[in-house]
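Novice: Mind having a look at this structure? Questions to follow.
The values are calculated or read from the model by the stated rules, or taken from the named source; none is laboratory data. On a predicted model such as this, the values are computed, not experimentally measured, just so you know. Methodologically, a virtual Cβ is constructed for each residue, glycine included, from the backbone with ideal geometry; neighbour enumeration extends over all protein chains shown.
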Amino acid sequence: MIGRIRGELVEKQPPEVLVDVGGVGYEINLPMSCFYALPECGQQVTLFTHFVVREDAQLLFGFNTKNERALFRELLKANGVGPKLGLGILSGMSAEQFIRCVHQGDASTLVKLPGVGKKTAERLVLEMKDRLKDWGPDLFTPHTDAAALSLAGGDTLVHGSAQDDAVAALESLGYKNNQAVKAVKAVAQETMTSEEIIKQALRAML
């Protein structure tokens, strides 16, 4: 089990990062709620990781705090929730927002997330309510300042246009192409980085 990665942040291509640890590059998938708080490329980063082994792949998922990782692991215990859906849920809303939805029985908001239908949302609320009954927003470190710093840096690795990268990131999180394109076009401005576009698009879709 790989539980933590510490090294130089080399590349950021939402929702994936590349972290150099002693000359070895680790590709790590992060929910966008954690991605926004990353430092600029070239700086040191520490991520708490969850290692998934499948027949066709070995995948690392990263989080800024142990509590965010713990919530991801609780999500994976829910019926019908795999790593990709868990990543999509914690990208479409923050950990605090998800916990609030569960505590309030708000399945209607969860339905707006990629891959979450009405039955899945209702099942999530039902299954997670007892598991998260002692969880509160104070368990999570605020990311506002770090997120602002990260977005202001504008150092996201760009292969195409920022809008193209944003669409590709949203698709990798489970949104359909037409949903991603529509959301990106609705919020994108010429000077925005892909991270900014993704953040605004996800917010608009909730």
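Novice: Residue pairs, Cβ under 8 Å, 6 or more apart or interchain, first in segment 114-131 and modelled with pLDDT of 90 or more, second polar (S, T, N, Q). List them.
Specialist: Ala121/Ser108; Arg123/Asn79; Glu127/Asn79
Novice: Find all pairs meeting these conditions: Cβ atoms under 9 angstrom apart; at least six residues apart or on different chains; first residue within segment 29-54 and over 20 Å from Ala95 (Cβ atoms); second residue crowded, with 17+ Cβ neighbours inside 10 Å and acidic (Asp, Glu).
Specialist: Final answer for the pair search is Glu40/Asp155; Cys41/Asp155; Gly42/Asp155.
Novice: While we're looking at this one, here's another question. Among the helices (runs of 4 or more DSSP H) lying completely within segment 160-206, list those that include at least 1 residues that are basic (Lys, Arg).
Specialist: 177-187, 194-205
Novice: Leu151 is checked against (1) hydrophobic (A, V, I, L, M, F, W, C); (2) more than 18 Å from Ser91 (Cβ to Cβ); (3) modelled with pLDDT under 85 and fails just one. What number does that condition carry?
Specialist: Result: Leu151 fails condition (2) only.
Novice: Here is a list of conditions, (1) touching a residue at least 40 places away in the same chain (Cβ under 8 Å); (2) surrounded by fewer than 17 Cβ atoms within 10 Å (Cβ to Cβ), and Ala57 meets all of them except one; can you say which number that is?
Specialist: (1)
Novice: For segment 16-26, does any single residue satisfy the condition of being closer than 26 Å to Met128 by Cβ and either in a loop (DSSP other than H, G, I, E, B) or not assigned by TED's automatic domain parsing to the domain that holds Gly92 (or both)? Lay out the reasoning, then the answer.
Specialist: Initial filter on segment 16-26 (closer than 26 Å to Met128 by Cβ): none.
For segment 16-26, residues closer than 26 Å to Met128 by Cβ and either in a loop (DSSP other than H, G, I, E, B) or not assigned by TED's automatic domain parsing to the domain that holds Gly92 (or both): absent.
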